[in-house]
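Just below is one structure, and these are the notes that go with it.
Readers should treat all values here as calculations from the given coordinates under stated rules, not as data from a laboratory. Keep in mind that this is a model prediction, so the values were computed, not measured. All Cβ positions, glycine included, derive from the backbone under ideal geometry; neighbour counts span all protein chains shown.
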Amino acid sequence: MLKMTHLSKVYRTEVVETYALRDFNIDVKEGEFVAVTGPSGSGKTTFLTIAGLLETFTGGEYHLDGIEVSQLNDNARSKIRNEKIGFIFQAFNLIPDLNVFDNVEVPLRYRGMKAPERKERIMGALDRVGLASRAKHYPAELSGGQQQRVAIARALAGSPRLLLADEPTGNLDTQMARGVLELLEEIHREGATIVMVTHDPELAARAQRNVHIIDGQVVDLAEDPRFHTAYTAAAGQIRS
Amino acid sequence: MMQIKPILSALRRHKAGTVLIALQIALTLAIVCNALYIIHERLAHIAEPTGVDEPNLFAMANLWGEQYTKQQAAAKIEQDLITLRQLPSVADATPTNGYPLRGGGWDNFITMKPDQVDKTTDAAVYAGDEHFLRTFGLKLIAGRDFNADEVRDMGLREAVTPPVTIVSKTLADRLYPKGDALGKSFYSMSSTPITIIGIVDTLHRQDVSTWSAPYKGQSLIWPLRLAQPMGVFYVVRAKPGQLADAMREAPKALYAENRMRMFPAKDGLVDYRQIRQEAFERDRGMAILMGVICVVLLAITAAGIIGLTSFWVGQRRRQIGVRRALGATHRDILHYFLTENLLISVGGVAIGTVLAFALNLWLKQNFALESLPLIYVLSGMVILILLGQGAVFAPALRASRVPPIEATRPA
């Protein structure tokens, strides 16, 4: 589903080159629920933005659902984002001027979908996240957890092949975070491929597979003595 | 167009800016429509044909330096005309009380019966001899010119009503709408019937004022020579291409003939370029003023649209990034802002149309403006909608270049 090979991302200024990702390799299979963890500045978000085609990369290869994306123009990238990827952002990123229904409708409109189908999908997605009754509410009238559920509904409405979640519970309290996580797990059980960036070990432990990034590279925690003990202990505690 | 509903929904959440711009568009439309119509009216007024051979004509205001009797003045005029007509650059000359666009002159009530109390209409009166038509280059479309023996001298404070006249077609049609004016009579401030012996195609009135607008083009010519102690106008027609020569030679020749005269600085010697310039100075000034008002208003409206849209683009940068992340292309974002502006503009021009007609009604009641033709409102609507789309294009283009990564930046 998502395969990056020797991928690099370099930010250049006049005086310095900074590698956000270096010789980055990852392979996410269809139907997997992968948590990407790592300390701040490790390159997690850069990985996610490149995976979501929100920005370009400097070198290497990236195949998304079998398509090599490096040569695609902006319109083609927009089309892939619209049709194949669902985004869940930490800050929800709902459009404050639009009500819940219209927010969920945004990607469907860009797909050129007919109104009856849009309505059916929107109400289906809102029903799925338990917010069908709030369709006419504006984001400011909802709690953080509800806003994130709307964002998930927006991501789901387009039936994407891949869900990318960036710290999806980062702005939520524990109870709300648990609800959102359970929703993601449910979506995964139904067959969705999910890649979730998080710095929260508890959340990461709920995923099927963990990928850890340090200094722009994927590392195997089991083979890195610096992290092995603490991480596995935390994960074990959470699972138990 | 598919984005109209969410755009309207978003605009409802930004009422202040939306309403202000829509009102600005509405006011601009109302003022610009009426201003354009005033400009059109003024330009049409300026362009009105006089019916005379303007490129080859000039007028001389001849003031006598001595007090002449009627007979002496008549003799002096006769001699002056012989002198003028003998000049190699001159085609013809006539003595007259005025000329088209002079800015004021003789004006008479017209009645159809000798004892009629209320006038039928009003006409500008020209006095001239048998050379009048040829000198002015007027086009006789029916009847005949004056004969020399029909021309009478008129002294100071004399009330002479010649029995024959040549009228403009406009006056002929006004008096006899069936087109059978030739040979028919009317009265003008006396009980003597005046018979129409000729009809000229066009002869503009001497004045260009608004009071005479209902009598536009209504002129008559009487076979009269003003033999008066003060002076007389000579209108001279130069041979083609010799206007400058004629204007230089004519005063010299007249001074050589008789030095006891003067040609005043203001209108002593004027050609039709100057006559037109002075006659329509206020119209031209008003047209320019209205044009400047239109340009300034349109510029302010465009600046308002650019300002508000730029502000909205800056304010919604993250939102645009989110839309891009969710699949919007550059073109989708561009269309979004163009459509948003179109909706505001349509609302503005809808209100502006009502305001335009209301303003026109007020102008009609207070300044005698005609009813605003629909085409001006339609043109104004198109201008403002295009202006809005043009003004919004640059900020919309900037918005379309917001990258999708903007969605992940902190708010």
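In nm, what is the difference between 0.36 nm times the number of residues separating B:V117 and B:H330 and their Cα-Cα distance?
68.9 nm
According to a simple spin-label model (label point 7 Å from Cα along Cα-to-Cβ), what is the distance in nm between A:N210 and B:A16?
5.0
Using a Gaussian network model of chain B whose springs link C-alpha atoms within less than 10 Å, name the residue from B:S89, B:S371, B:S185 with the highest mean-square fluctuation.
Sorting by GNM fluctuation, first place goes to B:S371.
Could you give the distance between the Cα centres of region B:256-325 and region B:128-142, to the whole Å?
Taking the Cα centre of each part, region B:256-325 and region B:128-142 sit 40 Å apart.
Quick one: which of A:K79/B:K15; B:K113/B:K139; A:K79/A:K136 span more than 31 angstrom between C-alpha atoms?
Correct reply: A:K79/B:K15.
If the limit is 20 Å between Cα atoms, which of A:K84/A:K114; A:K114/B:K5; B:K70/B:K239; B:K178/B:K364 go over it?
Beyond 20 Å between Cα atoms: B:K70/B:K239; B:K178/B:K364.
Using DSSP to define loop residues, name the trypsin sites (Lys or Arg not before Pro) in region A:15-108 whose beta-carbon has at most 12 other beta-carbon atoms within 10 Å.
Listed in order of number, the matching sites are A:K29.
Sticking with the crude label model, points 7 Å out along Cα→Cβ, report the distance from A:S40 to A:D173 in nm, one decimal please.
Those two pseudo-labels are separated by 2.4 nm.
Give me the net charge for the shell around B:D180: Cβ to Cβ below 14 angstrom, other residues only, Lys and Arg +1, Asp and Glu -1.
With Lys, Arg at +1 and Asp, Glu at -1, the neighbours total +3.
If r is the Cβ-Cβ distance from A:S133 to B:K5 and R0 is 35 Å, what FRET efficiency results, to the nearest 0.05?
The calculated FRET efficiency here is 0.95.
Shielding by partners for B:324-336, please: the mean number of other protein chain Cβ atoms within 10 Å of each residue's Cβ.
For this peptide, the per-residue mean of nearby foreign Cβ atoms is 6.
Can you give the average number of partner chain beta-carbon atoms within 10 Å of each beta-carbon in peptide A:72-84, as a whole number?
3
Evaluate peptide B:398-409: per residue, the Cβ atoms of other protein chains within 10 Å of its Cβ; return the mean as an integer.
Counting other chains' Cβ atoms within 10 Å and averaging over B:398-409 gives 4.
Say the cut-off is 18 Å between C-alpha atoms; which of B:K169/B:K216; B:K119/B:K216; A:K9/A:K29 go over it?
Where the Cα-Cα span goes over 18 Å, the pairs concerned are A:K9/A:K29.
Between region A:16-93 and region B:217-244, what is the C-alpha centre distance in whole Å?
Measuring centre to centre over Cα atoms gives 92 Å.
Quick one: if the Förster radius is 35 Å, what FRET efficiency do B:D245 and B:E130 give, using the C-beta to C-beta distance and rounding to 0.05?
Here the calculated transfer efficiency is 0.90.
Between the DSSP loop rule and a limit of at most 14 other Cβ atoms within 10 Å, which chymotrypsin sites (Phe, Trp or Tyr not before Pro) in region B:172-232 are left?
Here the sparse-neighbourhood loop sites are B:W211.
Longest exposed-loop-site-free stretch of chain B, with trypsin sites (Lys or Arg not before Pro), DSSP loop and at most 10 other Cβ within 10 Å?
With a cap of 10 other Cβ atoms within 10 Å, the longest stretch comes to B:1-156.
Can you check what the net charge comes to around A:T198, using other residues whose Cβ is under 10 Å from the Cβ of A:T198 (Lys, Arg +1; Asp, Glu -1)?
-2
Report the label-to-label distance for A:T5 and B:Q67 in nanometres (one decimal), using points 7 Å from each Cα along the Cα→Cβ vector.
12.1
Distance from the Cα centre of region A:165-194 to that of region B:339-411, in angstrom?
Using only Cα atoms, the two centres lie 47 Å from each other.
Can you tell me what share of the DSSP beta bridges in the protein assembly as shown is antiparallel? A percent to the nearest 5 is fine.
60
Pick from B:H330, B:H204, B:H131 the residue whose mean-square fluctuation is largest in a GNM of chain B, springs joining Cα atoms under 10 Å.
Result for chain B, Cα springs under 10 Å: B:H330 fluctuates most.
Given springs between every Cα pair under 10 Å in a Gaussian network model of chain A, which of A:E190, A:E61, A:E14 has the largest fluctuation?
Result for chain A, Cα springs under 10 Å: A:E14 fluctuates most.
At q = 0.09, 0.11, 0.21 Å⁻¹, what base-10 log of I(q)/I(0) does the Debye formula yield for region A:1-143 when every alpha carbon is treated as an equal point scatterer in vacuo?
Log10 I(q)/I(0), no solvent term: -0.37, -0.55, -1.28.
By its C-alpha gyration tensor, with a ≥ b ≥ c as the square roots of the eigenvalues, how is chain A shaped: rounded for a/c under 1.5, else prolate for a/b larger than b/c, else oblate?
Judged from the Cα gyration tensor, chain A comes out oblate (a/c at least 1.5, b/c at or above a/b).
Subtract the Cα-Cα distance of B:I46 and B:A75 from 0.36 nm times their separation in residues, and report this length gain in nm to one decimal.
6.6 nm
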